[in-house]
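A short worksheet on the structure shown next.
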């Protein structure tokens, strides 16, 4: 027995030594950058990692570079960092394996043994930086994401060459800790913090708080989540943009420091104005340093800090001298804290004296919509990111100028302004128009323009898993219709989501009604897509597309049907009014049924994801209210001003909110017809170009109902999805084709011209 014990001890020692030697060997042989890329491959395509060989190579003239080839029977991917390697991996999947990954449907039919590339691909990625997200993106798309969902998005970023993401998840903990240092109680600090769906506008200095204190559980959970996110971004070699400090503070700070130079800003979109600590005040450096130190403790300090002084607000003194002093003070704060600091500043509200107070090597300007980058000598020679702002509020209309994208705006801009050092995607929301984003993500991989029709044919083949001449023809139609010239940056209104009126002007505060193409184009495209359903239906991406096209053609038709109902009302033709109004309401129900077949456009998923973060019933209700408000009334400290800004054609929201509003409106009109009384909207108070929230007796009643709906809990419908997408699309296509043929004689379209505005700017219209 003694010998056995001795043998076991020696065996254990031997095995321990072997394990240690193996680990040392691995740590020496596998560069962490390569390991990060291997890990990403295994997350995206589990079990396929051993079919790839990864190698590091040097950048070329300071630019990221990648190669795709073959080595000893394996797929060879080479790049200068994990993002370049991930980009090479994605390009291999797209163009060798014909795989398609997107937010809206995937097609990943991979063989057990991966095909080897037939040729060697060597490519330089254009621009030093590829920036991703603005603050709004986080609130409109990602407030309820957990680590699993964030992990997928970060991998998606890397595979699409993104190397500079905005990283603001977990800022609540930074603010909470900072305020506790400055005379705030726990409850005061939490009351200052906005609810999650509205946090973006707090970080942009527009508002504070949500009435009730933010649950501490959210602060704690998102401190952990924020660290996970930023650690993964760093692991993949990304340069995160962290939050800086430009003087935004709680209004209550004035009570704590009465002598400090704190200015109260005017109201913003119905919210009480925020407070601004004068950057030239001595307290600015103290609180700013505390904020940055707290952020460093939680998430590290990584060199790029976002700050937008007086964003959509006003400085106390509007002179070049004062503004230059502001720029100097903020720059001093950043460089005293981090000698290598770069200040990232949005061009949305940029003030020249502030920018010019900062050395060129210490400032990075983000031109969100890219308009000024299309001019010669943009931004005084400072480093600039040429942006693309495709979506506002998360609205889901089919739109986006694909030809404009394919012309390679970045390459054109660099010719005019060599100081442009990268490109950016600054959409307010993601999760819609997958074709637009697939192309937008790919454009930094091209040094010049591309043939959009050729690219679309490749795209369709990848997305659906088969070549189909009918699908190819369908997308040529879509290219010249919803994705035609002038459709970038503005989502035209939805009659479904519009607040009811006789003459509906718009569904939100921006973008009026117009269908800039022949509405029959969508019917032609859908007919073609459905011709090869038996071949293509195995692709989840195909099912999404036929659903999305069907949704849009029905939404378009709704405009015409409602106009006919209004005509009948004004003619006091009750029979015709009932016919058209009931058809309109039936259409809303059918759109809801259609969207219920999938999760992408699903209000109940949005609400259930929100409620999941609550640890008590009260917290769950708090998050549900916040989630509801954002996509309906939006919010305000009094009556809302930008209600329906983030309108959504979503299952559940249509059935329980938009449809009920329209039923109330039509019932009111019917009562007038029955009583022989009149109803007019002439002379009603307008806000942002449509009837105000409480413009008359009807709207006052409607407003009360809308606000009560926002506050109500337990709205989640289960199951979240139901029905067969293909079957429902086929049925509804036939139904609404016949209806459109009846109504189309009353429709006239207005083409968009090149000189029409392409971008929204809410504050300019406020």
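Number of residues in segment 185-195 that are part of a helix (DSSP H, G or I) and either within 29 Å of residue 645 (Cα to Cα) or outside the structural domain of residue 392 (by TED's automatic domain parsing) (or both) equals 4.
Condition check: closer than 20 Å to residue 126 by Cα, in contact (Cβ under 8 Å) with a residue 24 or more places away in the chain and not in a strand (DSSP E or B). Does residue 387 satisfy that?
no
Within segment 531-548, one or more residues are more than 24 Å from the chain's Cα centre (by Cα), closer than 24 Å to residue 468 by Cα, surrounded by fewer than 17 Cβ atoms within 10 Å (Cβ to Cβ) and without any contact (Cβ under 8 Å) to a residue 40 or more places away in the chain.
Tell me, yes or no, whether segment 102-110 has at least one residue that is in contact with a strand residue (DSSP E or B) (Cβ under 7 Å, 6 or more places away or on another chain) and in contact (Cβ under 8 Å) with a residue 24 or more places away in the chain. Yes, segment 102-110 has at least one match. Starting from segment 325-345, keep only residues that are under 16 Å from residue 300 (Cβ atoms), then list their pairs with residues that are part of a loop (DSSP other than H, G, I, E, B) whose Cβ atoms are within a distance under 7 Å, requiring at least 6 positions of separation or different chains. The qualifying pairs are 334/244; 334/341; 338/301; 338/303; 340/303; 341/303; 342/303.
Listed residues 85, 116; which is over 30 Å from residue 628 (Cα atoms), touching a strand residue (DSSP E or B) at 6+ places or on another chain (Cβ under 6 Å), assigned to a loop (DSSP other than H, G, I, E, B) and not assigned by TED's automatic domain parsing to the domain that holds residue 547?
None of the other options fit; the residue is 116.
For segment 398-433, a residue qualifies if it is over 24 Å from residue 492 (Cα atoms) and part of a strand (DSSP E or B), and the qualifying residues are 420, 421, 422, 423.
Here residue 455 passes the criteria (1) within 28 Å of residue 384 (Cβ to Cβ); (2) assigned by TED's automatic domain parsing to the domain that holds residue 162 except the one numbered (2).
Going by the structure shown, is residue 615 at pLDDT 95 or above and out of contact with any strand residue (DSSP E or B) (no Cβ under 9 Å at 6 or more places or on another chain)? Answer is yes for this residue.
Exactly one residue out of 182, 198 is in a loop (DSSP other than H, G, I, E, B) and at negative phi: that is 182. Residue 609: assigned by TED's automatic domain parsing to the domain that holds residue 717, at pLDDT below 95, within 30 Å of residue 268 (Cα to Cα) and surrounded by fewer than 23 Cβ atoms within 10 Å (Cβ to Cβ), yes or no? When the stated conditions are applied, residue 609 does not pass them. Among the candidates 316, 353, 309, the residue that is at pLDDT 95 or above and part of a loop (DSSP other than H, G, I, E, B) is uniquely 309. Condition check for residue 620 on (1) in a helix (DSSP H, G or I); (2) farther than 25 Å from residue 694 by Cβ; (3) under 20 Å from the mean Cα position of the chain (by Cα): one failure, at (3).
Can we say residue 227 is surrounded by fewer than 18 Cβ atoms within 10 Å (Cβ to Cβ) and either in contact with a strand residue (DSSP E or B) (Cβ under 8 Å, 6 or more places away or on another chain) or in a helix (DSSP H, G or I) (or both)?
When the stated conditions are applied, residue 227 passes them.
Considering only residues that are touching a helix residue (DSSP H, G or I) at 6+ places or on another chain (Cβ under 7 Å), closer than 18 Å to residue 526 by Cα and touching a residue at least 24 places away in the same chain (Cβ under 8 Å), look in segment 414-468 and name the one that is surrounded by the most Cβ atoms within 10 Å (Cβ to Cβ). Here the residue is 463. With a requirement of 2 or more residues that are modelled with pLDDT of 90 or more and assigned by TED's automatic domain parsing to the domain that holds residue 589, the helices (runs of 4 or more DSSP H) lying completely within segment 679-766 that satisfy it span 697-711, 725-743.
Rundown of residues vs (1) buried (at least 21 other Cβ atoms within 10 Å of the Cβ); (2) over 30 Å from residue 34 (Cα atoms); (3) modelled with pLDDT under 95, yes/no style:
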residue: 214; (1), (2), (3): yes, yes, no
residue: 235; (1), (2), (3): no, no, no
residue: 246; (1), (2), (3): yes, yes, no
residue: 251; (1), (2), (3): no, yes, no
residue: 256; (1), (2), (3): no, yes, no
residue: 262; (1), (2), (3): yes, yes, no
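Is it the case that residue 335 is more than 30 Å from residue 197 (Cα to Cα) and in a helix (DSSP H, G or I)? Answer is yes for this residue.
The values are calculated or read from the model by the stated rules, or taken from the named source; none is laboratory data. Since this is a predicted model, take the numbers as computed values, not measurements. Reconstructed Cβ throughout: ideal geometry from the backbone, glycine too, with neighbour counts over all protein chains shown.
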